[in-house]
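*Asks:* The structure that follows is given in the form of structure tokens.
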Amino acid sequence: MFHKVNLKVYYEALKVKFKKLLNPKYDPYLPLTKGILLSPSSYTFEMYKKSKLALSFSKSDLDPRSWQIKARKKLVELSGYDSIRPKPITVKDFPEQKLSNDVFKKKVYIRVSPKLDLPINLLFKKPLKNNMPVFIFLAGSTSGVHVGWGEAKVPIDHERIYIGADIGLQAAEKGYLVITYEQACYGERLERHLNKKSKYRTIDFANHLLLLGKTLMGKGATEISSVIDWLILKNNILNININKNKIYLYGHSSGGTLVQFAAAMDIRVKGVLASGSVGPIRETIGARGASGGDSIIPGLLNWLDTEDIIALIAPRSFVGLSGDKDHIFPFSGVKKVIISAKVFFIKLRAEKKINYFKAKGKHQYYNKESWKAWYKFIDPK
């Protein structure tokens with residue numbers, strides 16, 4: 001039954017809309033009392049200053065290898081990464097598709113736990129050969145990993161592909177066995193069963209994993225390790241032996257953040273290029289809205305920061321790349337972290353295995369700069 005109170009609600013709502021038209025920054029709670037600290041971020045920024053980073057290599061008296069063992073164990077614990085995993089099995093595969101004159105794509109579903117299958121798309125040139133190097137590609141927070149082989153499923157994908165998001169296809173053309181891995185909550189792995197879903201794709205899964213003492217970062221890193229487990233099986237779907245000394249990760253944006261953590265915990269990864277994704281946690285992930293929750297590891301800053309995560313990759317190869325106008329992961333942060341982490345690489349006589357690259361532009365893919373850095377530091381020809 002319509003009541004006069006409903007008229008009041010509609011009238012007040014119209015007033016607010018009008019005020020917002022006149023002033024987009026309209027806030028009904030202003031003015032606030034001067035000198036009173038009410039914003040929650042005031043508390044977290046103050047606590048960042050007090051964060052212990054108790055296991056940071058810069059504070060450790062341990063030898064480099066002993067520090068890595070101890071720090072890696074703590075990271076596994078905090079993230080919920082599964083060091084022991086079920087043996088992955090192929091549950092379905094599809095006929096090959098021709099993508100170009102030289103490159104083919106084969107889709108496979110692999111079961112990595114009783115209730116979880118992963119979609120894997122392999123890109124390769126024929127004829128397939130033994131001892132092929134492996135390029136595992138992770139896209140950022142986009143419509144899905146299909147951009148990696150140059151397929152557009154939504155309008156904006158055309159722009160992404162134009163500026164170089166088809167990096168997986170490029171890698172296949174250069175002779176790599178490419179794995180385009182779809183992260184949870186993207187593409188065909190979107191959540192489709194919950195009765196009520198949040199606006200941001202990853203936040204529900206991230207929160208539900210926290211209830212289990214796990215994190216979305218740890219889960220993603222575990223899945224990458226499961227993909228590697230599957231690849232090195234003697235009877236894999238391609239019937240070839242891969243080059244175990246050339247298993248590389250390439251990730252952009254959220255995919256770039258994930259490859260850093262994955263390589264830190266899985267020493268089978270021999271090189272990493274992280275695009276648009278490197279920076280001090282307190283100045284990047286911790287200084288903006290963490291809408292997806294995909295980069296949140298509870299308690300991490302009590303123990304480690306980004307330079308420590310990268311130090312866990314040493315003496316393997318690492319490159320951080322960013323645009324000079326990247327507003328999400330500014331180049332200044334990339335440079336700062338790499339310079340700090342290089343101190344640890346030097347201890348392992350691997351100072352030539354780490355570097356940063358700057359591109360001209362915003363938060364986007366940079367294929368030209370990526371390949372220049374790749375062949376110089378990750379997989380020199």
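The values are calculated or read from the model by the stated rules, or taken from the named source; none is laboratory data. What you are looking at is a predicted structure, and each value in this text was computed from that prediction instead of being measured. Here Cβ is always computed from backbone atoms with ideal geometry, including for glycine, and neighbour counts include all displayed protein chains.
*Asks:* If you scan the range 153-174, which residues turn out to be assigned to a helix (DSSP H, G or I) and either touching a residue at least 60 places away in the same chain (Cβ under 8 Å) or of a type outside the set (A, V, I, L, M, F, W, C) (or both)?
*Replies:* Asp157, His158, Glu159, Arg160, Tyr162, Ile167, Gly168, Leu169, Gln170, Ala171, Ala172, Glu173
*Asks:* Of (1) at pLDDT below 90; (2) out of contact with any Ser or Thr (no Cβ under 9 Å at 6 or more places or on another chain), Asp117 satisfies all except one. Which?
*Replies:* Asp117 satisfies every listed condition except (1).
*Asks:* Tally time: how many residues in the range 251-291 are among the small types (Gly, Ala, Ser), in contact with a Ser or Thr (Cβ under 9 Å, 6 or more places away or on another chain) and buried (at least 19 other Cβ atoms within 10 Å of the Cβ)?
*Replies:* Residues flagged as among the small types (Gly, Ala, Ser), in contact with a Ser or Thr (Cβ under 9 Å, 6 or more places away or on another chain) and buried (at least 19 other Cβ atoms within 10 Å of the Cβ) within the range 251-291 amount to 13.
*Asks:* So, Ser60, is that one farther than 22 Å from Asn302 by Cα and of a type in the set (Gly, Ala, Ser) or not?
*Replies:* no
*Asks:* Lys115 is checked against (1) touching a helix residue (DSSP H, G or I) at 6+ places or on another chain (Cβ under 9 Å); (2) within 29 Å of Cys185 (Cα to Cα); (3) among the charged types (D, E, K, R) and fails just one. What number does that condition carry?
*Replies:* Result: Lys115 fails condition (1) only.
*Asks:* If you don't mind, there's one more thing I want to ask. If you take the residues of the range 79-113 that are among the hydrophobic types (A, V, I, L, M, F, W, C) and assigned to a loop (DSSP other than H, G, I, E, B), which of them is surrounded by the most Cβ atoms within 10 Å (Cβ to Cβ)?
*Replies:* Residue satisfying both the conditions and the ranking: Leu99.
*Asks:* Taking the range 229-276 only, how many residues are more than 21 Å from Leu216 (Cα to Cα), of a type in the set (A, V, I, L, M) and in a strand (DSSP E or B)?
*Replies:* Count: 2.
*Asks:* Here is a further query. Would you call Tyr186 surrounded by 13 or more Cβ atoms within 10 Å (Cβ to Cβ), of a type in the set (Phe, Trp, Tyr) and in contact (Cβ under 8 Å) with a residue 60 or more places away in the chain?
*Replies:* Here the answer is no, as Tyr186 does not meet what is asked.
*Asks:* Follow-up. I need the full set of residues from the range 46-62 which are surrounded by 10 or more Cβ atoms within 10 Å (Cβ to Cβ) and without any contact (Cβ under 8 Å) to a residue 40 or more places away in the chain, in order please.
*Replies:* Listed by number, the residues that qualify are Glu46, Met47, Lys59, Ser60, Leu62.
*Asks:* Additional query: Give Leu118, Leu122 a once-over and let me know the one that is among the hydrophobic types (A, V, I, L, M, F, W, C), farther than 14 Å from Val178 by Cβ, in contact with a strand residue (DSSP E or B) (Cβ under 7 Å, 6 or more places away or on another chain) and part of a strand (DSSP E or B).
*Replies:* Residue meeting the stated conditions: Leu118.
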